[in-house]
Amino acid sequence: MFHFQSYGLTLRSSILLPGYKHLEFMEALKIDAEIIEGKVSSKGINNPVEQGLFFQVNPNEIWFNIPNVARFLVQNGECIIMEPKLGVDENTLALFLSDPCLVALLMQRGLFVLTGSVLQINDTAIAYLGEHCSGKSSIVAALMQQGYSLMSDGLCVVNQDGLVFSGPAHIELWEDRIKSLDIPLHGLQNIRPGLKKYRLPIHESFSTHPLPLKNVYAINLQKVTLLHSKNLTGSEKINFLQKNIYNKTFLSGLKKNQLYFNYCARLARQIQMALVTFNVMEFNTQDMIACMLESANG
């Protein structure tokens with residue numbers, strides 16, 4: 001068995017999860033959740049509140065059926081059971097265990113999960129929120145080249161005290177973005193066979209301690225020449241936080257809509273937020289740093 005730490009949890013897993021902080025056995029005596037192999041029903045779960053083509057959700061369980069990969073059952077924020085398809089490779093299995101399975105487990109435990117990437121600046125966390133493929137990872141990778149430390153790529157996980165937890169120590173980038181950042185491809189591993197998206201390990205410039213969320217940038221991709229930002233207030237903050245909740249369908253099935261609204265309202269009072277509009281193909285690191293520092297010092 002492997003032992004890992006991520007998003008404030010100590011995990012025990014029957015397979016290796018690339019990029020997660022590995023713990024020696026003696027460090028991992030208190031296990032928060034485990035990932036095991038076992039039988040998972042092909043029909044789903046009892047009394048689903050929400051369901052789609054490949055998932056079902058009730059207040060205590062989330063079931064996934066990923067074609068040609070595995071069936072997964074996430075239970076009570078404590079356990080992920082996987083039944084892999086014959087011949088599936090471990091990298092692909094680990095990819096789906098991280099997202100959506102581990103994300104579902106975090107939501108079951110009452111953590112606030114947003115679609116975003118997070119950096120550390122001074123003693124606070126700064127998050128970039130946006131839809132999938134909106135350039136969050138590219139922004140974070142570019143800013144890390146300027147000396148900022150990564151906390152999490154792809155997810156922003158917050159507890160009820162407004163603290164952000166660190167995720168796995170890697171960034172996932174498409175090949176064209178890696179080349180645009182002058183990062184050597186040699187030695188990088190595909191996140192999944194045949195996919196030109198790579199896992200960039202972060203050995204340094206990685207923050208492991210929970211930090212208060214201070215600044216949030218909502219990414220708005222447009223065909224514009226110049227980067228510009230607009231500070232958001234009150235209900236605007238709440239609306240953008242709600243817009244970037246990881247999966248609202250899961251929320252309804254888990255009966256956590258009120259909890260997540262409370263998170264949004266509380267964080268809106270805690271954070272400064274700006275809507276940043278730019279063209280990802282004309283992204284300028286120095287402009288983004290200037291925008292970030294201006295907002296952080298505002």
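We did not get these values from a lab; they are worked out from the coordinates using the rules stated. Predicted, not measured: the structure shown is a model, and the values here were computed from it. Methodologically, a virtual Cβ is constructed for each residue, glycine included, from the backbone with ideal geometry; neighbour enumeration extends over all protein chains shown.
Tell me, what is the FRET efficiency for ASN239 and ASP287 to the nearest 0.05, using R0 = 30 angstrom and their Cβ-Cβ distance as r? Could the numbers behind the result be given before it?
Numbers: r = 25 Å, r/R0 = 0.85.
Here the calculated transfer efficiency is 0.75.
Tell me, what HN-Hα J-couplings in whole Hz come from the Karplus equation 6.51 cos²θ - 1.76 cosθ + 1.60 at θ = phi - 60° for each residue of region 179-192, using x for Gly and Pro?
5, 5, 8, 6, 9, x, 6, 4, x, 7, 9, 4, 6, 7
Report ³J(HN,Hα) in whole Hz for each residue of region 118-130, in order, from the Karplus equation J = 6.51 cos²θ - 1.76 cosθ + 1.60 where θ = phi - 60°; Gly and Pro get x.
My calculation for region 118-130 gives 10, 10, 9, 9, 6, 10, 10, 9, 10, 10, 10, 9, x Hz in order.
Can you compute 3J(HN,Hα) from phi for each residue in region 10-17, using the Karplus curve 6.51 cos²θ - 1.76 cosθ + 1.60 with θ = phi - 60°, rounded to whole Hz and x for Gly and Pro?
Working through the residues one at a time gives 9, 10, 10, 9, 7, 10, 6, 10 Hz.
Measure nothing fancy, just the Cα-based angle from helix 234-243's long axis to the longest principal axis of the chain, in degrees from 0 to 90, nearest 10.
40 degrees
Using Cα-Cα distances under 8 Å and only pairs 6 or more residues apart, what relative contact order does the chain have, in percent? Display every interim value, and only then the final one.
On the way: 595 pairs, mean separation 48.1, N = 298.
That works out to 16 percent.
Compute the distance from the alpha-carbon center of region 116-149 to that of region 31-80, in whole Å.
For region 116-149 versus region 31-80, the Cα centre distance is 31 Å.
With bins 10 Å wide starting at 0, give me the P(r) of region 1-150 over every alpha carbon pair, in whole percents.
Final binned percentages: 10, 34, 35, 17, 3, 0.
What ranking do HIS132, HIS170, HIS22 get, fewest neighbouring Cβ atoms within 10 angstrom at the top? Walk me through the numbers before you get to the answer.
Values: HIS132 7, HIS170 22, HIS22 13.
With the sparsest Cβ surroundings first, the list reads HIS132, HIS22, HIS170.
For a quick check: with amide H placed at 1.01 Å from N, whose amide H comes under 5 Å from ILE121's, ignoring anything fewer than 5 positions away on the same chain?
Residues meeting the amide H criterion: ILE126.
Students often check this: by mean Cβ neighbours within 10 Å, which of 232-239, 104-111 ranks highest, and how do the rest follow? Each step should come with its number before you reach the end.
Values: 232-239: 15.0, 104-111: 22.2.
Sorting 232-239, 104-111 by mean packing, highest first, produces 104-111, 232-239.
Show the residues, 5+ positions off or on another chain, whose built amide H is closer than 5 Å to the amide H of GLY8.
SER166
Among DSSP beta bridges lying fully in the chain, give the percent that are antiparallel, nearest 5.
Once the DSSP bridges in the chain are tallied, antiparallel ones form about 75 percent.
What residues have an amide H closer than 5 Å to that of CYS79, excluding those fewer than 5 places away on the same chain, when H is modeled at 1.01 Å from N in the peptide plane?
Under 5 Å from the amide H of CYS79: GLU34.
In angstroms, what radius of gyration and Dmax does the chain have, counting Cα atoms only?
When restricted to Cα atoms, the chain yields Rg and Dmax of 18.9, 55 Å.
Which of TYR148, TYR263 comes first, and how do the rest follow, when ranked by fewest Cβ neighbours within 10 Å? Could you put the intermediate results ahead of the total?
Working: TYR148 18, TYR263 24.
In order of increasing Cβ crowding within 10 Å: TYR148, TYR263.
In degrees between 0 and 90, to the nearest 10, how far off the longest principal axis of the chain does helix 257-270 point, with axes built from Cα atoms?
The answer is roughly 30 degrees.
Of LEU254, PRO201, SER138, whose Cα points farthest to the positive end of the dipole of the chain (charges on the beta-carbon: +1 Lys, Arg; -1 Asp, Glu; origin at the Cα centre)?
Towards the positive end, the residue furthest out is LEU254.
For LYS197, list the lysines whose Cα falls under 18 Å from its own Cα; do not include residues on the same chain fewer than 8 positions away.
Excluding near neighbours in sequence, the set is LYS136, LYS179.
To make sure I understand the rule: partners must be lysines, Cα under 24 Å from the Cα of LYS30, and not fewer than 8 residues away in the same chain. Which ones qualify?
LYS21
Work out, step by step, the length gained on full extension between LEU259 and HIS228: first 0.36 nm times the residue separation, then minus their alpha carbon distance; give nm to one decimal.
Working: separation 31, 0.36 × 31 = 11.16 nm, distance 3.29 nm.
That works out to 7.9 nm of additional length.
List PHE206, PHE64, PHE261 from most exposed to least, where exposure is judged by having the fewest other Cβ atoms within 10 Å.
Values: PHE206 19, PHE64 23, PHE261 15.
Exposure proxy ranking, most exposed first: PHE261, PHE206, PHE64.
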